Amino acid sequence: MSDIFLFDSRIRAEGFDIIAGIDEAGRGPLAGPVVASAVILGENDIIPGVKDSKKLTRKRIKSLFRDIVSKSVSIGVGIIDSTEIDKVNILNATKKAMTAAVKDLSVTPRLLLIDALTLENCDIAQKSLIKGDNRSASIAAASIIAKYVRDSIMQHYHTLYPVYGFDKHNGYGTKLHMEKINEYGPCPIHRRSFSPVMSLSLPYGDA
């Protein structure tokens with residue numbers, strides 16, 4: 001058993017028989033939503049290869065996504081779009097997405113293991129873990145679910161706004177993305193509160 005699954009086993013041994021790992025994808029991009037996932041793994045569910053999604057290829061994420069969905073006790077997802085991110089800021093939007101993911105679970109956990117954040121106004125016991133996706137299998141699984149869901153959303157947005165190349169960078173501030181923003185201006189899914197998008201007023205389609 002890998003260290004991250006042993007970590008979760010030790011948490012269960014402390015009396016928390018049902019734990020949900022929570023993580024997000026999409027805090028840093030200039031466009032698109034922030035997506036959070038909450039994952040409850042079964043006590044005996046060992047899924048080989050589960051680790052921080054940032055260390056996995058797109059192909060491996062897709063494969064592990066299927067494994068996690070098929071073996072998990074419950075999975076919840078929360079999605080906060082760019083408009084709401086601009087209203088409440090990215091930190092609060094991330095917490096809202098995480099809270100929504102917990103509410104989306106079909107089973108109520110005894111403990112939330114959260115990657116580096118704490119959720120206010122939550123009645124469930126919680127533990128914030130720095131670099132939690134490297135320490136807990138449940139959080140790592142949540143990072144994979146959130147990453148896969150967000151990437152799928154951005155692939156859809158690519159079909160709506162193909163000039164930006166969302167299929168290549170998923171909204172992150174790459175050189176290609178910056179060039180396209182400068183050329184075409186921001187589109188409806190760009191985060192207007194993020195620099196340098198906020199300095200550009202030219203709307204998509206008016207170039």
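Where a number appears in this text, it was derived from the coordinates with a stated rule and is not lab data. As the structure is a prediction and not an experimental result, all values here were calculated from the model. Cβ placement follows ideal geometry from the backbone for every residue including glycine, while neighbour counts extend to all protein chains displayed.
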Per-residue Cβ contact counts at 10 Å, fewest first, order 164, 157 as 157, 164
Listing 61, 68, 145 by rising number of other beta-carbon atoms within 10 angstrom, fewest first, gives 61, 68, 145
GNM on the chain, Cα springs under 10 Å; top mean-square fluctuation among 16, 65, 166 goes to 16
Summing -39500 (n - 2.57) over every DSSP H run of at least 4 residues in the chain and dividing by its residue count gives a helix-only mean residue ellipticity at 222 nm, to the nearest 500 deg cm²/dmol, of -12500 deg cm²/dmol
When the charge dipole of the chain is computed with +1 at the Cβ of Lys and Arg and -1 at the Cβ of Asp and Glu, the Cα pointing farthest to the positive end, of 186, 97, 128, is that of 186
Note: residue 88 to residue 12 extended length (0.36 nm per residue) minus current alpha-carbon separation gives 23.9 nm
Rounded to two decimals, the Debye log10 I(q)/I(0) of segment 1-143 (Cα scatterers, no solvent) at q = 0.12, 0.15 Å⁻¹ is -0.43, -0.68
Sorted by chain and number, the residues with a modelled amide H under 5 Å from that of residue 161, at a separation of 5 or more or across chains, are none
In Å, the Kirkwood hydrodynamic radius from C-alpha pairs for segment 64-105 sits at 11.2
Kirkwood calc, segment 160-199, C-alpha pairs only, radius in angstrom 10.1
One would report the antiparallel percent of DSSP beta bridges in the chain, rounded to the nearest 5, as 60
With the 8 Å Cα cutoff and a minimum separation of six or more residues, the chain has a relative contact order in percent of 28
So the angle from the long Cα axis of helix 175-184 to the longest Cα principal axis of the chain, reported in degrees to the nearest 10, equals 40
So, for the Cα atoms of segment 88-176, Rg and Dmax in Å stand at 15.4, 46
The lysines whose Cα lies under 21 Å from the Cα of residue 180, excluding any fewer than 8 residues away in the same chain, are 168
Using alpha carbon centers only, segment 134-207 is separated from segment 44-87 by a whole-angstrom value of 18
Computed for the chain: size of charge dipole around the Cα centre, +1 on C-beta of each Lys and Arg, -1 on C-beta of each Asp and Glu, debye to nearest 20, value 440
Most fluctuating of 112, 56, 160 in the GNM of the chain (C-alpha, under 10 Å) is 160
Quick note on 98, 154, 178, ordering by fewest other C-beta atoms within 10 Å, gives 178, 154, 98
